[in-house]
Structure formats: structure tokens, C-alpha cells
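Chemist: Submitted below is the structure of interest, expressed as C-alpha cells.
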Ligand code: G3P
Ligand code: CA
């Protein structure tokens with residue numbers, strides 16, 4: 001047999017082995033997840049549908065239109081972000097500036113509430129005041145998960161957020177979120193009955209020893225849960241609930257996976273899809 005023929009038959013013999021190895025590499029994580037879900041299931045009885053930024057997939061984020069849409073879709077909670085104007089009004093907007101989400105420019109902290117009201121936050125919507133969102137949630141009977149953004153920019157924002165929630169008598173239906181866990185500790189010192197929800201980013205793969213011992217709800221990024229599926233069960237063993245939020249992997253398959261891994265709630269941009277998965 002010529003050298004060329006020998007090499008070609010060798011290549012043909014190697015091909016199935018390479019394909020077999022690839023198949024095993026692909027199947028191992030699948031088997032791992034299926035076994036994990038089977039061993040540690042079943043999923044939480046009634047997972048909470050949480051509209052992230054009100055559910056920005058189809059409506060302008062963090063607006064009353066988004067919140068109303070989420071409520072109509074059966075959301076249990078509204079997730080949103082809180083910043084403060086130059087004249088001390090708490091407003092619901094994600095970024096420190098109005099540039100991305102409105103037709104205006106500049107930092108929220110440098111502008112009055114009256115000026116913010118003149119801006120278009122998308123489809124003619126306004127930037128809502130925190131108080132307006134509490135009122136809407138209360139009327140609809142849904143919970144709220146305000147996230148305190150940029151606390152360094154807004155001295156005393158923890159006490160102010162708490163005061164507005166208590167004024168509306170809505171503490172029982174509120175979870176205050178932040179990546180700044182010291183801020184949440186401060187909230188608990190001000191109001192031990194408050195429910196705080198520490199947020200965790202991708203770099204924090206272990207929730208075993210949360211800094212805030214009394215936190216009953218932990219909010220890890222979905223990407224973390226995929227990399228470390230044990231974290232939800234560990235949190236459950238400590239008597240905590242887990243509400244998962246997503247970075248870039250908010251897909252129906254990943255929603256199903258995190259639910260199978262025991263998530264107590266999912267914060268999603270697309271509440272309609274999750275409502276469908278939950279049969280609402
Ligand atoms: O609440 C979790 C999530 O909202 C944090 O990310 O940037 O959407 O506020 P972000
Ligand atoms: Ca948020």
C-alpha cells in the first residue's frame with residue numbers, strides 16, 4: 001500500500017474516535033445536570049416571576065408602562081433600580097445618567113425631578129418616582145425589589161428608601177437589593193424587620209458564607225448558578241431563598257435549568273416567556 005493510502009486509512013480510523021471523544025465531552029455536562037436535577041429535585045412549588053427592570057424585553061425599562069405590563073402578565077414582583085435627583089427625589093432609573101434610557105443627557109444627581117419629568121424614557125413614558133412605583137405595586141398586590149444603585153453618590157439613600165417604603169406601609173412586600181452588602185447591613189441596623197436581598201456577580205461562585213447572616217434571600221447571577229449548581233441547595237440548607245438574575249444567558253432553556261436546580265424566583269427581562277414556562 002502506498003504511503004498516501006496508508007495515511008488516508010489511518011485518518012479514517014481516527015475520525016470515529018475523535019467524534020466519540022467530542023460526544024463524551026458534550027454529554028458529560030448534560031448527564032451531570034440531569035442527574036443533579038433528578039437527585040435534588042423537585043423544583044420549588046411556586047417559583048416567583050420577577051420582572052427585571054419591569055420586564056424590558058418589550059417595554060421601556062423601569063417605566064410604569066413596563067410595570068403595568070408585567071403585572072398583567074402575572075408577575076409576583078417588580079425589580080427596579082433607584083437613584084436620586086439633585087432635589088432629593090428618589091427615582092426609578094438604572095444608570096447614573098439619563099443618556100441611555102431617555103432623550104436627555106447628564107447625571108441624575110445633577111438634575112431636578114421637574115427636569116427629569118420633561119424627558120422621554122421611551123414610548124412617551126416618564127422616569128417614575130419611587131413613590132409612584134410603590135403605589136402601583138400596592139394597588140396590584142405585587143412585591144417590589146428595589147435595587148439601591150450608586151449609594152456613594154447619594155448619602156443617606158438607605159434611610160430614605162426605607163422611610164418611603166414604611167410610609168407606604170409596604171415593608172412586608174419589599175426586598176431591598178444591593179451589590180453593596182455593607183449598605184444592606186446598614187438597612188438592617190435601621191430596620192431589623194426589613195428583608196434584604198444581597199446581589200452576587202459572576203466572580204462570586206460560593207454563597208456558602210454570605211456576609212449578611214440574617215439575609216433570607218440571596219440573589220446570584222444565573223451564570224454563577226450554571227457554573228456552580230450546588231449553590232442553590234446550599235442556600236436552602238441554610239434556610240434562605242434564592243432569586244436568580246441573568247447577565248447574558250436569559251434563555252428559556254436556562255430558565256428551565258435554574259428552576260430545576262431549585263431557584264425560588266427568576267428575575268427576567270422577558271416576563272411573558274417565563275409566564276409561559278410557569279403555565280400562567
Ligand atoms: O437585581 C439584579 C440585577 O438587576 C442587577 O443587575 O444591572 O440589571 O441592575 P442590573
Ligand atoms: Ca437591578
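Chemist: Can you confirm whether residue 242 is closer than 15 Å to residue 145 by Cα, touching a helix residue (DSSP H, G or I) at 6+ places or on another chain (Cβ under 8 Å) and assigned by TED's automatic domain parsing to the domain that holds residue 144?
Modeler: Criteria met by residue 242.
Chemist: Pairs needed: first member in segment 125-153, free of Cβ contacts under 8 Å to residues at least 40 places away in the same chain and assigned by TED's automatic domain parsing to the domain that holds residue 90; second member anywhere, assigned to a helix (DSSP H, G or I) and within 16 Å of ligand 2 (Cβ to nearest atom); C-beta distance under 6 Å; at least 6 residues apart or different chains.
Modeler: 151/157; 151/183
Chemist: Can you tell me which residue within segment 68-86, out of those that are within 15 Å of the chain's Cα centre (by Cα) and farther than 22 Å from residue 106 by Cα, is farthest from ligand 2 (Cβ to nearest atom)?
Modeler: The extreme case among them is 76.
Chemist: Could you check segment 75-98 and list, in sequence order, the residues that are in contact (Cβ under 8 Å) with a residue 60 or more places away in the chain and within 30 Å of residue 47 (Cβ to Cβ)?
Modeler: 75, 76, 77, 78, 79, 80, 81, 82, 83, 90
Chemist: Another question, then. Checking residue 244 against (1) crowded, with 23+ Cβ neighbours inside 10 Å; (2) closer than 21 Å to residue 68 by Cα: exactly one of these is not met. Which one?
Modeler: Unmet for residue 244, out of (1) crowded, with 23+ Cβ neighbours inside 10 Å; (2) closer than 21 Å to residue 68 by Cα: (2).
Yes or no, residue by residue, for (1) loosely packed, with under 15 Cβ neighbours inside 10 Å; (2) over 22 Å from residue 134 (Cβ atoms); (3) over 19 Å from the mean Cα position of the chain (by Cα); (4) within 16 Å of ligand 1 (Cβ to nearest atom):
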{"site": "170", "(1), (2), (3), (4)": "no, no, yes, no"}
{"site": "218", "(1), (2), (3), (4)": "no, yes, no, yes"}
{"site": "225", "(1), (2), (3), (4)": "no, yes, no, yes"}
{"site": "237", "(1), (2), (3), (4)": "yes, yes, yes, no"}
{"site": "251", "(1), (2), (3), (4)": "yes, yes, no, no"}
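Chemist: Considering only residues that are crowded, with 17+ Cβ neighbours inside 10 Å and in a loop (DSSP other than H, G, I, E, B), look in segment 97-115 and name the one that is nearest to ligand 2 (Cβ to nearest atom).
Modeler: 101
The values are calculated or read from the model by the stated rules, or taken from the named source; none is laboratory data. Just so it is clear, the model here is predicted, and its values are computed rather than measured. Note that each Cβ is placed from the backbone with ideal geometry, even for glycine, and that neighbours are counted across all protein chains shown.
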